[in-house]
Amino acid sequence: MLGLAARRLVSVASRQFSTTSAPLAAQMFCQQCEQTQRPGAGGLGLAGSGAGKEAGCTTMGVCGKTPEVSWMQDLLIEQVKNLATYMDRARGVGATLPPAMNKWVLESMFSTLTNVNFDAERFKALIAESVELERTARKLYEKAALTAGQKPLAPLPQKVDLNGDLVEQGHAYGVLARRDTIGNIDQSSIVELCTYGIKGVCAYAEHASQLGFEDNAVHATIQRALSKLTMEEAPKQSVDALLGLALEIGATNVQVMAMLDKAHTSNFGAMTPTQVKTHGQKGKAICVSGHDMKDLHTLLEMTKDTGINVYTHGEMLPAHAYPKLKAFKHLVGNYGGAWQLQKLDFAAFPGPILVTTNCLMEPRKAYKDRIWTTNAVGFNGVQHVTGRKFEPIVEKALAMPGFLQDEKPGPIITTGFGHGAVLGLADTVIKLVKGGDISRFLFVGGCDGSEAERSYFTKLVKLSDPKTMILTAGCAKYRFNKLDLGTIAGLPRVLDLGQCNNSYDGVVIALALAKAFGTDVNGLPLSFAVSWLEQKAAAVLLSLLHLGVTRIRLGPTLPAWLSPNVLNVLVSKYNIMPVGDPAADL
């Protein structure tokens, strides 16, 4: 029997998920992120007979994505699946794939994440590149197959006509077209879950690649998974096979997060707990947002002895905890809050801004001439830098006034409690648990967002018992990381593990504590409250499910792409629960 909260969760899913595909009279259809339009929310909804029945952005993405970009992303994703199929076939007959091709798959999938790339011209170029790469991969496969004495499999259907309308071609590969082709709501739901999980894995793998770390086994798993999700292959997969694939994607993401952890520590040293200032300090200034620590390191090297101070923003906050980065004395603080506040933060910041990865919002005129993107990030009309050639940003900083005087000091934020730092305190933590000073652990992390319902996570932390130790990772921390929540035996109650990928540190810590107490993770006094927004969170969720973690509260709303039956499976097997009333949940 399902509990009341679980029944309510499935009931909500039933209301927001149509059991039949609605006629696509709308201009677009996207439901990949949490902020997608919901039935009854007003503003956007499916046109025609499906109006109001299913969550999805249909005229313009809440994120700012245009229909043109949305359809080209759909086309690109299907094209990458085709490319991955040839790569998987080639690998199966002993062919050696070009490393650049492996990396291109990561970058192209990453570009389709929420709040990464909004530039239509960039997607046209990516689609054109995909056609050439598919041709190359096909030739590699066919040659290797013949060399191995095998008859090559039949060629895949051609998905792209570069002489035609790419936007119109994308209509054949959108969510609803895919669902119609598959013909089963639950299979379609898990195909979306797998696709979005792979996007998250590709994002983290791309971050690691930027730091010089890759794993051919990871590339192989990603490409094999994508090959099973093409329009031709997805309908052939059973629900059980797709659920197994989802857990395999989660397992791969654990590997990738471990690789990214090693990439960061190898390049910049192991994080150590560090206090970070949050106010502007007199002098010229550059703000760096996103996740890419190598970009930040390059910019710090370029601005050394120039009189320019560098500030982190959003998920770059943990940079201050890495020894090689905090050694730069002009890395002076963290400016602003989580990503959704950037239009206010960036407008007020008196210098140029560099956005290295997600999350980007449509820039305001107030700062559009002094914001730069790099890597997979893009927005039409915004200056883009490649090859870490940040000289224009430095020149802009020198030309701008910067902070004319020190701002009034704000709260001090402590970050850098990675698994190395926390496990170094393991004996102390175990003693505090056994002595009753720590009654439970509460992981509150993931993505932040603009919805009022996300205040749940603030209230949850504020209402928690003073003996509760709070672990956090990702930008959800900004809901409470400036609050004075006290200490437990001299340790801050909030232990900031780092970026969203540092959820891996939480897993390492939980496994170590479980071993120390002779139990498993689910036997610990440990609860999870996950705030999700985009596809990295989908990958992290699949990782937790792969590890068998139960009792996860997910919010502020359900993924729109989960069908009631699939959600029922997750509720029954993993006891996933919706966020509700914070006091009752505690």
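The values are calculated or read from the model by the stated rules, or taken from the named source; none is laboratory data. Everything numeric here is computed off the predicted structure, so don't read it as measured data. Please note: Cβ atoms are built from the backbone with ideal geometry, for glycine as well, and neighbour counts cover all protein chains shown. To get the accessible areas, we keep the full protein, side chains included, count just its heavy atoms, and leave off ligands, DNA and RNA. Shrake-Rupley method; radii C 1.70, N 1.55, O 1.52, S 1.80 Å.
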Item to check | Any pair with Cβ under 8 angstrom, 6 or more apart, that starts in segment 344-356 at a residue that is under 27 Å from LEU211 (Cα atoms) and ends at one that is part of a helix (DSSP H, G or I) and β-branched (Val, Ile, Thr) | outcome: PRO352/ILE393; LEU354/ILE393
Checklist entry - Could you say which residue among GLN237, GLN255, GLN275 is open to solvent by 20 Å² or more (accessible area, probe 1.4 Å) and touching an Asp or Glu at 6+ places or on another chain (Cβ under 9 Å)? => result GLN255
Checklist entry - Of all residues in segment 278-307 being within 21 Å of GLY337 (Cα to Cα) and part of a loop (DSSP other than H, G, I, E, B), which is most open to solvent (accessible area, probe 1.4 Å)? => result LYS282
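Tell me the residue from LYS81, LYS65 that is modelled with pLDDT of 95 or more, closer than 23 Å to TRP561 by Cα and part of a loop (DSSP other than H, G, I, E, B), please. Break it down stepwise before answering.
Working: LYS81 fails: part of a loop (DSSP other than H, G, I, E, B).
Going through LYS81, LYS65 in turn, the sole match is LYS65.
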Checklist entry - Which pairs have Cβ atoms under 9 Å, sit 6 or more apart or on different chains, and link a residue in segment 413-434 that is farther than 28 Å from LYS324 by Cα to one that is in a strand (DSSP E or B) and of a type in the set (Val, Ile, Thr)? => result LEU432/ILE488
Next on the checklist: If the requirement is being part of a strand (DSSP E or B) and modelled with pLDDT of 95 or more, which of these qualifies: LEU497, LEU483?
Outcome noted: LEU497
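Matching residues to (1) closer than 28 Å to GLY435 by Cβ; (2) surrounded by fewer than 21 Cβ atoms within 10 Å (Cβ to Cβ); (3) out of contact with any strand residue (DSSP E or B) (no Cβ under 6 Å at 6 or more places or on another chain); (4) polar (S, T, N, Q):
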{"site": "PHE517", "(1), (2), (3), (4)": "yes, yes, yes, no"}
{"site": "PRO525", "(1), (2), (3), (4)": "yes, yes, no, no"}
{"site": "GLN535", "(1), (2), (3), (4)": "no, no, yes, yes"}
{"site": "VAL540", "(1), (2), (3), (4)": "no, no, yes, no"}
{"site": "SER543", "(1), (2), (3), (4)": "no, no, yes, yes"}
{"site": "HIS546", "(1), (2), (3), (4)": "no, yes, yes, no"}
{"site": "SER563", "(1), (2), (3), (4)": "no, no, yes, yes"}
{"site": "ILE576", "(1), (2), (3), (4)": "no, no, no, no"}
{"site": "ALA584", "(1), (2), (3), (4)": "no, yes, yes, no"}
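Out of curiosity, is VAL508 surrounded by fewer than 24 Cβ atoms within 10 Å (Cβ to Cβ), touching a strand residue (DSSP E or B) at 6+ places or on another chain (Cβ under 7 Å), closer than 27 Å to MET293 by Cα and β-branched (Val, Ile, Thr)?
Working: surrounded by fewer than 24 Cβ atoms within 10 Å (Cβ to Cβ): yes; touching a strand residue (DSSP E or B) at 6+ places or on another chain (Cβ under 7 Å): no; closer than 27 Å to MET293 by Cα: yes; β-branched (Val, Ile, Thr): yes.
No: the conditions fail for VAL508.
Looking at segment 206-221 only, could you name the residues that are part of a helix (DSSP H, G or I) and crowded, with 17+ Cβ neighbours inside 10 Å? First the steps, then the outcome.
Step one: list which residues in segment 206-221 are part of a helix (DSSP H, G or I), which gives 206-210, 216-221.
The answer is GLU206, HIS207, ALA208, SER209, GLN210, VAL218, HIS219, ALA220, THR221.
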Checklist entry - closer than 21 Å to THR278 by Cβ and in contact with a strand residue (DSSP E or B) (Cβ under 8 Å, 6 or more places away or on another chain) - does that describe any residue in segment 375-385? => result no
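Can you tell me which residue in segment 459-481 is most open to solvent (accessible area, probe 1.4 Å), limited to those that are more than 21 Å from the chain's Cα centre (by Cα) and under 15 Å from GLY555 (Cβ atoms)? Before you say what the answer is, go through the steps one by one.
Pass one, segment 459-481, residues more than 21 Å from the chain's Cα centre (by Cα): 459-470.
Next, from what is left, pick out any that are under 15 Å from GLY555 (Cβ atoms): 459-461.
Values: LYS459: 107, LEU460: 6, VAL461: 0 Å².
Only one residue tops the list, namely LYS459.
Give the residue that is nearest to PHE349 (Cα to Cα), with candidates limited to residues of segment 373-385 that are open to solvent by 30 Å² or more (accessible area, probe 1.4 Å) and of a type in the set (S, T, N, Q). Break it down into steps so the answer makes sense when it comes.
In the first step, residues of segment 373-385 are kept if they are open to solvent by 30 Å² or more (accessible area, probe 1.4 Å); the result is 375, 380-381, 383-384.
Checking which are of a type in the set (S, T, N, Q) leaves us with 375, 380, 383.
Working: ASN375: 23, ASN380: 22, GLN383: 18 Å.
Looking at the filtered set, the residue picked out is GLN383.
Just one of LEU404, LEU425, LEU432 is farther than 19 Å from LEU485 by Cβ and surrounded by fewer than 20 Cβ atoms within 10 Å (Cβ to Cβ); which is it?
On the way: LEU425 fails: farther than 19 Å from LEU485 by Cβ; LEU432 fails: farther than 19 Å from LEU485 by Cβ.
Of the residues listed, the single one that is farther than 19 Å from LEU485 by Cβ and surrounded by fewer than 20 Cβ atoms within 10 Å (Cβ to Cβ) is LEU404.
Of all residues in segment 386-401, count the ones that are open to solvent by 10 Å² or more (accessible area, probe 1.4 Å) and either touching a residue at least 12 places away in the same chain (Cβ under 8 Å) or polar (S, T, N, Q) (or both).
The first filter runs over segment 386-401 and keeps only residues open to solvent by 10 Å² or more (accessible area, probe 1.4 Å), leaving 386-389, 391-392, 394-396, 398-401.
Going one step further and asking which of them are either touching a residue at least 12 places away in the same chain (Cβ under 8 Å) or polar (S, T, N, Q) (or both), we end up with 386, 388, 391-392, 394, 396, 398, 400-401.
Selection size over segment 386-401: 9.
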